[in-house]
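Novice: This is the structure, below, for whatever I ask next.
The values are calculated or read from the model by the stated rules, or taken from the named source; none is laboratory data. Keep in mind that what you see is a predicted model, and the values were worked out from it rather than measured. Cβ coordinates were reconstructed from backbone atoms using ideal geometry, including for glycine residues, and neighbour counts include every protein chain displayed.
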């Protein structure tokens, strides 16, 4: 069967090369390149992407062999129904091998049409590599490659202030744009590139922080034969993603004129401050993931979809989000509820098996980062405890006992944390420690929580009460009891 290319796929427009993209992986193609494809179809963006691979060249070769085309399957809940659809994405013009086509990279730096630079080199990709040099072809690190590219552009246009770029990193670190700019300036200083170049970096270029969200499982090894038969061609770069997407870019509003994501029907925004969106995602999406895991798993469930579709745990998750997490957030309530509805629909995605045990990795640090702020903010605002969040904390302590009935739970966490719970639960089993003492000592462990949680009024007693119910009656009975309660003074 023939491989996907422009000849067999039908006519595809050719767009000016406006975007340089560091990274050719599944996420960028299913997220950024798909959105640029939508921009071309729905707006006057009229631009394509040139891809460079941070390391190696295998996918670049395949990308060029397929004329930059790839098939994207989007699977999940859409408008209340499970939808599985596919499309050919035509936003990539070509890929450049930095190892043996570095001159093309330098030439691209002098392109008058180029305007945007986008990256996703993983969280570990934004770092300062001391061994990188300007004369390397290429540099080892992504920031080193970017600095060299910008310097070549600075030289090509003689420092023209109108020829800078809008740089949007998608790596999952806070203030990714600010951090990247900091390292670029560090290279400029280390490489002695001069004050004029530093001034050009500041005045001509815009480094944006960004927040990205879409689950992209990637290449569907288990179902590729079936998909190939359906498509009628081979696609070695086929990628699968969920229906949901969100892209929040922190930057000046004038970017919309050149990158009109607000006019394409996308769930994408250019905002002055993305902090509320990050907190919304961490507390509602990630926080509910962490909160549901011990409750659902100890109820005998194994996946996120199982949890939200179960009557008891599904109700628990929904009420936790709507009644305890959302009231702590400083964003419009309707916007938060809409995001929460999207989250619950994503959890129900019948095409993806998201196992609770995969979410349970490092659950204590996740609870500390994602859920403890909700608990504390709720207490401050309501002057009472959020019962369902407290119940989740109690379930977490039970989860770290390491048993689901007779089944051993394969716990993964910091060795200190695992040893703490092993010793504590062993002491309870040997009757040298009571459950009350386990709760008090664990909540007081500042290495785990960063503070003494016994200082939160009423928390120790309520966690103890819930933990006893879980241990004595089982998770399902204890959950039924807590769902009848209200968080009152």
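Novice: Quick check on residue 347: is it within 28 Å of residue 38 (Cα to Cα) and touching a helix residue (DSSP H, G or I) at 6+ places or on another chain (Cβ under 6 Å)?
Specialist: Answer is yes for this residue.
Novice: Of all residues in region 394-413, which are part of a helix (DSSP H, G or I) and more than 24 Å from the chain's Cα centre (by Cα)?
Specialist: Those that are part of a helix (DSSP H, G or I) and more than 24 Å from the chain's Cα centre (by Cα): 394, 395, 397, 398, 399.
Novice: May I pose another question? Within region 142-161, identify whether any single residue is part of a strand (DSSP E or B) and buried (at least 17 other Cβ atoms within 10 Å of the Cβ), and answer yes or no.
Specialist: Scanning region 142-161, I find no residue that is part of a strand (DSSP E or B) and buried (at least 17 other Cβ atoms within 10 Å of the Cβ), so the answer is no.
Novice: When you scan region 351-372, how many residues do you find that are within 18 Å of residue 318 (Cβ to Cβ) and outside any helix (DSSP H, G or I)?
Specialist: 1
Novice: From 382, 403, 434, 426, which residue is closer than 23 Å to residue 312 by Cα and assigned by TED's automatic domain parsing to the domain that holds residue 366?
Specialist: Result: 403 is the single residue among 382, 403, 434, 426 that is closer than 23 Å to residue 312 by Cα and assigned by TED's automatic domain parsing to the domain that holds residue 366.
Novice: Would you point out which residue out of 44, 67, 37 is farther than 18 Å from residue 151 by Cα, part of a loop (DSSP other than H, G, I, E, B), at pLDDT 95 or above and in contact with a strand residue (DSSP E or B) (Cβ under 9 Å, 6 or more places away or on another chain)?
Specialist: Of 44, 67, 37, the one residue that is farther than 18 Å from residue 151 by Cα, part of a loop (DSSP other than H, G, I, E, B), at pLDDT 95 or above and in contact with a strand residue (DSSP E or B) (Cβ under 9 Å, 6 or more places away or on another chain) is 67.
Novice: Residues that are under 27 Å from residue 347 (Cβ atoms), out of contact with any helix residue (DSSP H, G or I) (no Cβ under 6 Å at 6 or more places or on another chain), buried (at least 21 other Cβ atoms within 10 Å of the Cβ) and touching a residue at least 40 places away in the same chain (Cβ under 8 Å): does region 216-224 have at least one?
Specialist: Scanning region 216-224, I find no residue that is under 27 Å from residue 347 (Cβ atoms), out of contact with any helix residue (DSSP H, G or I) (no Cβ under 6 Å at 6 or more places or on another chain), buried (at least 21 other Cβ atoms within 10 Å of the Cβ) and touching a residue at least 40 places away in the same chain (Cβ under 8 Å), so the answer is no.
Novice: If you check residue 408 against the conditions, is it out of contact with any helix residue (DSSP H, G or I) (no Cβ under 9 Å at 6 or more places or on another chain) and either more than 20 Å from residue 322 (Cα to Cα) or surrounded by fewer than 19 Cβ atoms within 10 Å (Cβ to Cβ) (or both)?
Specialist: Taking the combined requirement at face value, the residue satisfies it.
Table: residues versus (1) surrounded by fewer than 20 Cβ atoms within 10 Å (Cβ to Cβ); (2) under 18 Å from the mean Cα position of the chain (by Cα); (3) farther than 30 Å from residue 388 by Cβ.
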site	(1), (2), (3)
258	yes, no, yes
276	yes, yes, no
287	no, yes, no
310	yes, no, no
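Novice: Sticking with this structure for a sec: Residues that are part of a loop (DSSP other than H, G, I, E, B), free of Cβ contacts under 8 Å to residues at least 12 places away in the same chain and either at positive phi or surrounded by 22 or more Cβ atoms within 10 Å (Cβ to Cβ) (or both): does region 54-63 have at least one?
Specialist: yes
Novice: Continuing with this model, one more query. Kindly indicate which of 180, 185, 211 is surrounded by 15 or more Cβ atoms within 10 Å (Cβ to Cβ), over 30 Å from residue 348 (Cβ atoms), touching a residue at least 40 places away in the same chain (Cβ under 8 Å) and assigned by TED's automatic domain parsing to the domain that holds residue 54.
Specialist: Only one candidate qualifies: 180.
Novice: Return a yes/no flag: does region 190-206 have any residue that is more than 30 Å from residue 133 (Cα to Cα) and surrounded by fewer than 13 Cβ atoms within 10 Å (Cβ to Cβ).
Specialist: Scanning region 190-206 turns up no residue that is more than 30 Å from residue 133 (Cα to Cα) and surrounded by fewer than 13 Cβ atoms within 10 Å (Cβ to Cβ).
Novice: Just to be sure I understand, how many residues within region 387-409 are more than 21 Å from residue 445 (Cα to Cα) and at pLDDT 95 or above?
Specialist: The number of residues fulfilling the criteria is 7.
Novice: Of (1) free of Cβ contacts under 8 Å to residues at least 40 places away in the same chain; (2) assigned to a helix (DSSP H, G or I); (3) buried (at least 17 other Cβ atoms within 10 Å of the Cβ), residue 248 satisfies all except one. Which?
Specialist: (2) is the only condition that residue 248 fails.
Novice: Still on this model: Could you check how many residues of region 442-474 are in a helix (DSSP H, G or I), within 19 Å of residue 399 (Cβ to Cβ) and in contact with a helix residue (DSSP H, G or I) (Cβ under 7 Å, 6 or more places away or on another chain)?
Specialist: Number of matching residues: 17.
Novice: Any residue at all in region 260-268 that is part of a helix (DSSP H, G or I), at negative phi and touching a strand residue (DSSP E or B) at 6+ places or on another chain (Cβ under 8 Å)?
Specialist: yes
Novice: Would you be able to say whether some residue in region 239-254 is touching a helix residue (DSSP H, G or I) at 6+ places or on another chain (Cβ under 6 Å) and either assigned by TED's automatic domain parsing to the domain that holds residue 354 or farther than 17 Å from residue 26 by Cα (or both)?
Specialist: Yes.
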